[in-house]
Amino acid sequence: MKKIVAMAMAAVMSLSLAACGGSTTPAASAGGSDDKTVYKITYANTVADSNPQAINAKYMAERMKELSGGRIEMTVFNNNKLGAFSDCFQQMQQPNGTVQMGDVSSASVTQFSNLYTPFALPFLFKDKEQSFNYFDNGETVKAIEEQFLADTNVRVLGYFYNDARALTNSKTAVSKPADMKGLKLRVMTSDVYIKTFEALGAAPVSMQFSELFSALQQGAVDGQDNGLILSMDSKFNEVQGYYTDLGHVQDTSVIFISESFYQSLPEDLQQVVVQAAQEAVAKERQDYADKLDSYLEEMKKTMDVTILTDEQRAEFKETCQSVYDWYRKSYPDYDLDNIMADIAKY
């Protein structure tokens, strides 16, 4: 895979936080180590407190504290409490930034680097199990992680599941591409997402997730395409009437850590961070699976729910094939066929 140089970062976030991460204080106990320093981490994400990602970010913090004997203290800020994730990511890039860790949808990563753009392509994965196996083991994604680190000074630790992306809207039930004609849909800041929904006949509008609920409530947009659990946790069912399990992207939420902060840790604490992230990923994916059925039943109480047949989903997939042609022309430095062949192994 040819290496791509990520977009340069121009802005630096200005946060006034009562508790800034990255600081160190003497520890009462070194947990068996001569190093008595306590390393503090500020962790940012975009989801509600009840979301499996948020719950397991806190589980990750608990495991770090346990495994380190109290030498790592991580504070998790859910639901955009630290502001837009793009600002938080810029802090991770700084040697002494106020945010050291966080997670966000892989499609949103395209704000910082083009390296993750292939994973926003529609119907790239056949199911979540294939995506889990690929992101955990794929040769091409490991190469992407290495280049991402070199380009951004931010390390990838793993991948939470962010659900199969679905469609909600306030106008009409959607069971075929023609039903989407003219729907004004919020999408992430991703040219791949924009092209996908244009191909399906919708009118995509890019905006930050933190702005989405009010945009739906005020009718600035008709709908959006987050997964079932995130949509319910965000209370979109209060301002949306229709849901379709489109499944166009098996979404992941990429877990990041500032490389400058990571390299400041002793080697044993680096291993603690990696282990805690791996354990949190495994637990989060199971938590998602355990919640889906109950969340769907709850959604049916307030929304018109459309579950696509294989034939109906195939029509959406066929309609999106032009996006792959566009992608190959727009991103010629990527060997998309090699990435797809790697995915097919799983």
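Bear in mind that the values in this text are calculations on the coordinates, not laboratory data. Since we're looking at a predicted model, the values are computed, not measured. FYI the Cβ positions are ideal-geometry reconstructions off the backbone, even for glycines, and counts take in every protein chain you see.
Treating only the Cβ of Lys, Arg, Asp and Glu as charged (+1, +1, -1, -1), what charge dipole size does the stretch 242-346 show about its Cα centre? Round to the nearest 20 debye.
Working: 10 positive and 22 negative charges, 30 e Å.
Dipole of the stretch 242-346, to the nearest 20 debye: 140 debye.
Which whole DSSP H helices in the chain pass both tests: a Cα extent of 18 Å or more along the axis and a mean Kyte-Doolittle value no lower than -1.0?
The answer, listed by residue number, is 52-68, 139-152, 267-300.
Please report the relative contact order for the stretch 43-127, taking Cα pairs under 8 Å with a sequence separation of at least 6, and give it as a percent rounded to a whole number.
Values: 89 pairs, mean separation 25.5, N = 85.
With pairs under 8 Å counted, the relative contact order is 30 percent.
Ignoring everything except DSSP H segments at least 4 long, calculate the 222 nm mean residue ellipticity for the chain; use -39,500 (n - 2.57) per segment, divide by total residues, nearest 500.
On the way: 12 runs with 141 residues, N = 346.
Result for the chain: -12500 deg cm²/dmol, rounded to the nearest 500.
About the Cα centre, and with charges only on the beta carbon of Lys, Arg (+1) and Asp, Glu (-1), how big is the dipole of the chain? Nearest 20 debye, please.
So the dipole magnitude of the chain works out to roughly 560 debye.
Quick one, which of [x] 65, 45, 36; [y] 69, 52, 49; [z] 45, 44, 40 is the actual Cα extents along the principal axes in Å calculated for this model?
[x]
Please express the shape of the stretch 48-162 as an equivalent ellipsoid: the semi-axes are the square roots of 5 times the eigenvalues of the C-alpha gyration tensor, given largest first in whole angstrom. Don't skip to the end; give the middle numbers.
On the way: eigenvalues 115, 64, 46 Å².
Working through the eigenvalues yields semi-axes of 24, 18, 15 Å.
In percent, how large is the relative contact order of the chain, given Cα pairs closer than 8 Å and 6 or more residues apart?
Relative contact order for the chain comes out at 23 percent.
Among Gln321, Val154, Asn79, which residue has its Cα furthest toward the positive end of the charge dipole of the chain, with +1 on Lys/Arg Cβ and -1 on Asp/Glu Cβ?
Asn79
What percent do you get for the relative contact order of the stretch 207-345 when only Cα pairs under 8 Å and 6+ apart count?
Averaging sequence separation for qualifying contacts and normalising by length gives 34 percent for the stretch 207-345.
Give me, ordered by chain and number, the residues 5 or more places off Gly70 or on other chains with an amide H under 5 Å from its own placed amide H.
Amide H to amide H, under 5 Å and 5 or more residues apart or across chains, Gly70 pairs with nothing.
Between the DSSP loop rule and a limit of at most 12 other Cβ atoms within 10 Å, which trypsin sites (Lys or Arg not before Pro) in the stretch 167-265 are left?
Values: sites: Lys171, Lys181, Lys184, Arg186, Lys195, Lys235; in loops: Lys171, Lys181, Lys235.
In loop regions of the stretch 167-265 (DSSP not H, G, I, E or B), the sparsely surrounded trypsin sites (Lys or Arg not before Pro) are Lys181.
Below 11 angstrom from the Cβ of Ala44, what's the summed charge of the other residues (Lys, Arg +1; Asp, Glu -1)?
On the way: positive: Lys81; negative: Asp87, Asp103.
Result for the neighbourhood of Ala44: -1.
Take the chain, connect every pair of alpha-carbon atoms lying under 10 Å apart with a spring to form a Gaussian network, then pick out the residue of Gly201, Gly219, Gly97 with the largest mean-square fluctuation.
Answer for the Gaussian network model of the chain: Gly219.
Loop-only trypsin sites (Lys or Arg not before Pro) in the stretch 248-321, please: DSSP not H, G, I, E or B, and at most 15 other Cβ atoms within 10 Å. The partial results should precede the final answer.
On the way: sites: Lys283, Arg285, Lys291, Lys300, Lys301, Arg313, Lys317; in loops: Lys301.
Filter output for the stretch 248-321: Lys301.
Between beta-carbons, use under 13 Å as the cut-off and find the net charge around Lys300, counting Lys and Arg +1, Asp and Glu -1.
Here the count lands on -4.
As a test, work out the antiparallel percent of DSSP beta bridges whose residues both lie in the stretch 24-152, rounded to the nearest 5.
Counting only bridges with both partners in the stretch 24-152, antiparallel ones make up about 25 percent.
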